[in-house]
Each structure stands twice: as structure tokens, then as C-alpha cells.
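Chemist: Got a structure for you, questions after.
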Amino acid sequence: MRISVSFGAAMASPFAVCRLKGRGSLVKCLQKVDPFLHRNIGTDVVAAQEERHGCKSLYAVQAEGQEQAERSVLISCHSRTNEKKFLKYISRHGDIKKYFFYESYGLYAVVEFANRESVASLFEGAAIPSVSHESTVPFKSRLLSLRNIGLADSTNQQSGQQCQPQTPIPINELIQRLSKEESIDQQITSLRDVYQLTEENSRLRFLVCSLLKDIAAAYFPECTIKPFGSSVNGFGKLGCDLDMFLDLDGISGRNATMPKSGLSLEYQMKRANSERAVTQSILSVIGECVDQFGPGCVGVQKILNARCPLVRFAHQPSGFQCDLTANNRVAMKSTELLYLYGELDPRVRCLVFTVRCWARAHGITSSIPGAWITNFSLTVMLLFFLQRRSPPIIPTLDHLRDLAGPADKSVIEGNDCTFVSDFSKIQLQSNTETLEQLLCEFFEFYATFAFSRMSINIRKGKEQNKPEVAPLHIQNPFETSLNVSKNVNATQLDRFVALCQESSWLLQQSETNAPRGGSKGKASKPWGLATLLLPSQIAGIKSRKKRRREPASERIKSLLESLKNTSQQKKS
Ligand code: GTP
Ligand code: MG
């Protein structure tokens, strides 16, 4: 059962629970927003390095996002809500700092007040609808419904709202868009611009964490829930899942030094004899709470026996697929590391978005768990490649650890997770390779990588002998005895290698690596990066029929032959 709170004491209509079905396109209108998580990234490396010194740490981004979210509410509105009247009505509770509308199974507004007191004032003026069930639980969520108070326009027009799509554009549209660009570098930056999380989508992610925290706080009043993974590491694509971390460190005493005498709190963990069992118990009760009382949270599954126990559910008002974990501090560190690498050089994010999109277009990655390469593994592979450039574009993790100060020291479950947090201490070497060169080199690098013998290691920035027989070995950056790509089977790795060979080859063909403008009134023909995303052409320039008859090894041999010829031609 869901509880919905409506405005206005004299509410004429009967109580209506927000009905949230299926997954619709989000449409938002944003007013007066500050730049947040958005960076103006060009390919001017020097400018980027200067900008780097002003970078916010992930810690600062998280703190800012959490603080904004606590002053915010999420309101389900009538589809023809008049914006001006709505603002006038809501601002009776205090100054509004930011607001935006979006669509997801109806119209929603995110309203950020200037002060937290406004949220309390809004609750005071809100009605708890009477329901016939005796089991109604008056849980005061910051997900509210606004109904029947004359704020709707009688016409179909939504006054002054500028709408913005919040789900990624379909791949066909992306291909068309990229085909209109004038260089492969522009195609790559354009892809990043189209796919990356918008400022308002990031805010909504923090707000959903904050709404979840209100639920978890029933058990753990001082807990926090933070987003991690691609929601905050700078590599998130619109529509990506929302990974959340229930942080109890503030109350667990983990970071405090224990006095030798005096009072100590009595903690009772019944039936739990390991840290993992405690995590499972915590997630079990929170999962139950989310399932029973979490407004808009549906399809709750407690997946407690996974390597990393989690509660999975869909948050319908935002459209996010959510994974809630606890005691997952190594993943937080991985997120921080990926964020740092993304901030160091603008080419990192551009290439991560491109390679992730390319991999998804060819089914190398998937949203379904299985033997596929994950986005996380793919990102580590790209970072490793950038460390192997001459000169390297990004430093090794060991170097980042050597630059760390005493405050950066972090040991989690015996694993050294220390690395520098002060960006200004990191000196980059001046590598001026273009995005186009790097993308092509990335494909060549992995087309010929000795996967059978070597392991990918971003700690050392150098391939190491493989410690186990898994087809793909990528050392976990922090839990160094683990392989992050243990799930990947030989078939999937072979597909990845074959596609790298073909993509590298395609990028070197004069017929596909230059703009092919359409004649007047006609669409431009796919070229460059756009060609790499076309499933029917990526597997070879030859026709499908012909390709099917030819064994894969022959195809690859001929592609390699062609690559060899191209490079010989270049040399001569
Ligand atoms: P998408 O959700 O696919 O957009 O990317 P993501 O980076 O969020 O990946 P995912 O949701 O699978 O995982 C969330 C975060 O958990 C990652 O960003 C990593 O920080 C961490 N993570 C995921 N897989 C592994 C792994 O195998 N080992 C380690 N150490 N961390 C992982
Ligand atoms: Mg994720």
C-alpha cells in the first residue's frame, strides 16, 4: 500500500494513490540551474589541465548533492499544471531555489527550497488522505501529490515550460546526428554530450537517495544513503541504474578511536556472526520497509546471497532502477577513482562514453547479468590503454597512492585503497593525441592484446602475467587478488577482439572515415564513428550473405591482411 499526501485542508476530491505503471519518457523543464556535474570539456589539453586545479572532489559533489536533496520535495502534479500558479502556491512555504518538471507516468516537479524549514512547513499544510484500510501508515514522505486546487490550465497548453528529454536518444537518431558532424573528434564529443547525465537527472538521483534515507532512518536515524557507480563517477548515461550505498559509518564507530575506559554503547546483532551476515540483516529489514512503506518503490527483491548483498527495486516516480547496498565501501572507492580519472583529462570521459556505446550497440555489454563484459570492466580496460600511451595520458594507481597524504589513507577489509584526493598534486605528461587517434589505437591495442597470457592491471599500468586461467583477467584495482571480469567467457572475449579488429580496420578506410554529406534535402550518410555503431556494417564491409559463408577466422585474417597493407602504405 502506498501513502499519498495531498495539499489543501479542504480537499474536495477523494484520495487518489499515485498510479505509476510502466516506464515512460521523462520530459523535464529546467529553470535557473547552476552548472553542476557538467563540465565544459574541449580537447584543449592545456586549458583542461588548468581547469583541473579547480575540480571538485567526489566527496564535495556528494555532500552538495545530498544537502540540496534534503531541501527538496518531489511532487506529482496534474498534467496541465500551470507553472506560475504552482510556484505561487508552493512558495507560500518558503523561497524556492530551483525547480524543474519532468514526465514519468505523469507530470512531476522537483522543488528545492532555500531552507529546510520550508519542507516542514509544507508537511504541516499537507493532508494525510483518509483511506478505508485500518492498516494505513502515516509515513510522511517527501513524495507528495498535488490535486484539485485549481492550478491546472483549462487549455492543453503548458505555460512556458521548456521540455527536455531525459532518456537517451535512440541509436538511429544518434547515428544520424553523428553523421552530420565534421570530424571524428566532434562525433566523439557529441556522443558524450548526448548521452551524459543532465544536471537535473543528477539532482533527481540524489533526491531519490534522500527519499530512501527517510525510510531507512526509521531504523538508523543517522544513516546516509549515497549514490555511487555511474550515477556519480562521471561516466553515467541517461537511463543508467541508480546504485545506492547505505552508509552507517557515522554511527558505527568504525572511524572512531575507542577509549580504554568509560561507557560504551550496547550493540545487539542477533544471529549474526560475520560482517556479511550483519549487512544481510540490515538490508533485509530495510528491504522489507521499502517494500511495505516506500512510496513509488515497486518490484522489491532482496538479493542477499549475492557476493555483494543488495535490495533491488524500481522507483517509479523517477523511472530509476535502483540497487541498494550496504557496507560496500570498496565500490565507493572504485567510484572515487573512476571519477578522479575522468576529471584528469577530458579525453577520458569522451572515450569511455564512446567505447561503452559501441560495446552496447554490438551486444558486448548487456543489462542482463551473464558472461558479458561489464561497463565497469570496459572502463578499466580503457583506463589501462590510456596509461599505456606514450607519454601516458593518465597515471597509474600506484603513482596516485604514492602522492597520497596522511588524510587519504584508507584500508578497507585489509585492502589498501589509498590514493591522492588533491587533484593539484597530480602532474600530467603532455600527450596531445586526438580523440580519433586514440579511438583507433584503442581498437588496435585490444585487437592484438595477449589476453591468453597477460592480465590488465591499472595499479601498475603494465600488463602482468595472468595468475589464473580465466579468458579475460582484469585485476580488481583494490581487492587485488580478484578478477573483475571473472564472468567473461571465451566466446564473449573473442567477439570483443573480432569487433576491435573490424572497428580499427573500418576507421582506416577512406570510404568510411570522412564525412559523406547527403545531397540537398537528403540525410548525411553514416561515416566515422556512426559507421562503427551500425550493426549491419560493423561486422565487415562485405555483404551479409557473403560474410555468412566465410568462416570467422578467414574474415579476421583478411581484415588483418588489410590492416597490414594499410600500415605499409602509410609507411611508404
Ligand atoms: P552502469 O550501471 O552499467 O552504467 O555502470 P556502473 O559503473 O554503475 O556499474 P555497476 O552498476 O555494475 O556497478 C556500480 C559500481 O560498483 C561500479 O562503478 C564500480 O565502482 C563497482 N563495481 C562494479 N563491478 C565491480 C567489480 O567487479 N569489482 C569492483 N571492485 N567494483 C565493482
Ligand atoms: Mg550502475
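Chemist: Can you name the residue in region 484-511 that is without any contact (Cβ under 8 Å) to a residue 24 or more places away in the chain and not charged (D, E, K, R) and, of all such residues, is farthest from R329 (Cα to Cα)?
Modeler: Selected residue: S510.
Chemist: Name the residues in region 210-243 that are part of a strand (DSSP E or B), near ligand 1 (Cβ under 10 Å from one of its atoms) and either in contact with an Asp or Glu (Cβ under 6 Å, 6 or more places away or on another chain) or open to solvent by less than 10 Å² (accessible area, probe 1.4 Å) (or both), would you? Reasoning before the result, please.
Modeler: Quick first cut of region 210-243, residues part of a strand (DSSP E or B) only: 224-228, 237, 242-243.
From what is left, the residues that are near ligand 1 (Cβ under 10 Å from one of its atoms) are 227-228, 237, 242-243.
Of everything in region 210-243, those that are part of a strand (DSSP E or B), near ligand 1 (Cβ under 10 Å from one of its atoms) and either in contact with an Asp or Glu (Cβ under 6 Å, 6 or more places away or on another chain) or open to solvent by less than 10 Å² (accessible area, probe 1.4 Å) (or both) turn out to be P227, F228, L242, D243.
Chemist: State which residue pairs qualify: first residue in contact (Cβ under 8 Å) with a residue 40 or more places away in the chain and inside region 229-251, second residue within 9 Å of ligand 1 (Cβ to nearest atom) and among the aromatic types (F, W, Y) in any location, beta carbons under 7 Å apart, and separation of 6 or more residues or different chains.
Modeler: If the second residue must be within 9 Å of ligand 1 (Cβ to nearest atom) and among the aromatic types (F, W, Y), the pairs left are D243/F228; F245/F228.
Chemist: T189 is checked against (1) closer than 24 Å to E436 by Cα; (2) within 16 Å of ligand 2 (Cβ to nearest atom) and fails just one. What number does that condition carry?
Modeler: (2) is the only condition that T189 fails.
Chemist: Could you tell me which residue of region 48-95 is modelled with the highest pLDDT, considering only residues that are open to solvent by 60 Å² or more (accessible area, probe 1.4 Å) and not charged (D, E, K, R)? Full working, then the answer.
Modeler: Taking region 48-95 first, the residues open to solvent by 60 Å² or more (accessible area, probe 1.4 Å) are 50-51, 53-54, 56, 59, 64, 67, 78-80, 84-85, 88, 92, 95.
Checking which are not charged (D, E, K, R) leaves us with 53-54, 59, 78-79.
Working: H53: 53, G54: 61, Y59: 91, H78: 84, S79: 81.
For region 48-95, the residue satisfying everything is Y59.
Chemist: Let me ask something additional. Determine the pairs where a residue that is farther than 18 Å from R329 by Cβ, located within region 394-423, has a partner that is modelled with pLDDT of 95 or more and among the polar types (S, T, N, Q) with Cβ atoms under 7 Å apart, the partner being 6 or more residues away or on another chain.
Modeler: What qualifies is I394/Q387; T396/Q387.
Chemist: Scan region 200-221 and tell me whether some residue there is within 13 Å of ligand 2 (Cβ to nearest atom) and not aromatic (F, W, Y). Give the derivation first.
Modeler: Keep residues of region 200-221 that are within 13 Å of ligand 2 (Cβ to nearest atom), which gives 205.
After this cut, where a residue has to be not aromatic (F, W, Y) as well, the list is 205.
So far as region 200-221 goes, yes, one or more of its residues are within 13 Å of ligand 2 (Cβ to nearest atom) and not aromatic (F, W, Y).
Chemist: Let me ask something additional. Against the definition (in a loop (DSSP other than H, G, I, E, B), free of Cβ contacts under 8 Å to residues at least 24 places away in the same chain and among the acidic types (D, E)), how does E468 come out, yes or no?
Modeler: Numbers: in a loop (DSSP other than H, G, I, E, B): yes; free of Cβ contacts under 8 Å to residues at least 24 places away in the same chain: yes; among the acidic types (D, E): yes.
Here the answer is yes, as E468 does meet what is asked.
Chemist: Just to be sure, is L248 more than 16 Å from ligand 1 (Cβ to nearest atom) and crowded, with 21+ Cβ neighbours inside 10 Å?
Modeler: Values: more than 16 Å from ligand 1 (Cβ to nearest atom): yes; crowded, with 21+ Cβ neighbours inside 10 Å: no.
Against the criterion (more than 16 Å from ligand 1 (Cβ to nearest atom) and crowded, with 21+ Cβ neighbours inside 10 Å), L248 does not qualify.
Chemist: Of all residues in region 326-345, count the ones that are in a helix (DSSP H, G or I), open to solvent by 10 Å² or more (accessible area, probe 1.4 Å) and either touching a Pro at 6+ places or on another chain (Cβ under 8 Å) or away from ligand 2 (no atom under 16 Å from the Cβ) (or both). Explain how you work it out, then say what you get.
Modeler: The first filter runs over region 326-345 and keeps only residues in a helix (DSSP H, G or I), leaving 329-344.
Keeping just the survivors that are open to solvent by 10 Å² or more (accessible area, probe 1.4 Å) gives 329-334, 336, 343.
Subsequent filtering for residues that are either touching a Pro at 6+ places or on another chain (Cβ under 8 Å) or away from ligand 2 (no atom under 16 Å from the Cβ) (or both) retains 329, 334, 343.
Summing the residues that are in a helix (DSSP H, G or I), open to solvent by 10 Å² or more (accessible area, probe 1.4 Å) and either touching a Pro at 6+ places or on another chain (Cβ under 8 Å) or away from ligand 2 (no atom under 16 Å from the Cβ) (or both) in region 326-345 gives 3.
Chemist: Give me the pairs: first residue in region 365-377 and within 15 Å of T354 (Cα to Cα) and part of a loop (DSSP other than H, G, I, E, B), second residue more than 13 Å from ligand 2 (Cβ to nearest atom) and of a type in the set (V, I, T), beta-carbon distance under 7 Å, and six or more apart or on different chains, which are they?
Modeler: T365/I373
Chemist: Looking at region 470-513, which of the residues that are of a type in the set (F, W, Y) and at pLDDT 95 or above is nearest to ligand 1 (Cβ to nearest atom)?
Modeler: Residues of region 470-513 that are of a type in the set (F, W, Y), as a first pass: 478, 496, 505.
Narrowing the set further to residues that are at pLDDT 95 or above leaves 478, 496.
Details: F478: 6, F496: 16 Å.
Ranking the qualifying residues of region 470-513, first place goes to F478.
Chemist: In this structure, does S485 turn out to be part of a loop (DSSP other than H, G, I, E, B), surrounded by fewer than 18 Cβ atoms within 10 Å (Cβ to Cβ) and of a type in the set (S, T, N, Q)? So that I can check it myself, show each step before the final result.
Modeler: Working: part of a loop (DSSP other than H, G, I, E, B): yes; surrounded by fewer than 18 Cβ atoms within 10 Å (Cβ to Cβ): no; of a type in the set (S, T, N, Q): yes.
In short, no.
Chemist: If you don't mind, another one. Going by the conditions given, is L351 within 24 Å of Y219 (Cβ to Cβ) and touching a Leu at 6+ places or on another chain (Cβ under 9 Å)? Talk me through it step by step, then tell me what you get.
Modeler: Numbers: within 24 Å of Y219 (Cβ to Cβ): no; touching a Leu at 6+ places or on another chain (Cβ under 9 Å): yes.
So L351 does not fit the description; no.
Chemist: From (1) crowded, with 20+ Cβ neighbours inside 10 Å; (2) modelled with pLDDT of 65 or more, pick out the condition that doesn't hold for L151.
Modeler: (2)
Chemist: Pick from region 123-148 the residues that are modelled with pLDDT of 90 or more and touching a helix residue (DSSP H, G or I) at 6+ places or on another chain (Cβ under 7 Å): which of them is surrounded by the most Cβ atoms within 10 Å (Cβ to Cβ)? Before the answer, list the steps.
Modeler: As a first pass, look at region 123-148 and keep what is modelled with pLDDT of 90 or more: 142-144.
Next cut, touching a helix residue (DSSP H, G or I) at 6+ places or on another chain (Cβ under 7 Å) only: 142-143.
Numbers: R142: 21, L143: 25.
Once the filter is applied, the top-ranked residue is L143.
The values are calculated or read from the model by the stated rules, or taken from the named source; none is laboratory data. In this text, all values refer to a predicted model and were calculated from it rather than measured experimentally. As a convention, Cβ positions derive from the backbone with ideal geometry for all residues, glycine included, and neighbour counts pool all protein chains shown. Quick note on the areas: whole protein, heavy atoms, side chains included, nothing else; ligands and nucleic acids left out. Shrake-Rupley method; radii C 1.70, N 1.55, O 1.52, S 1.80 Å.
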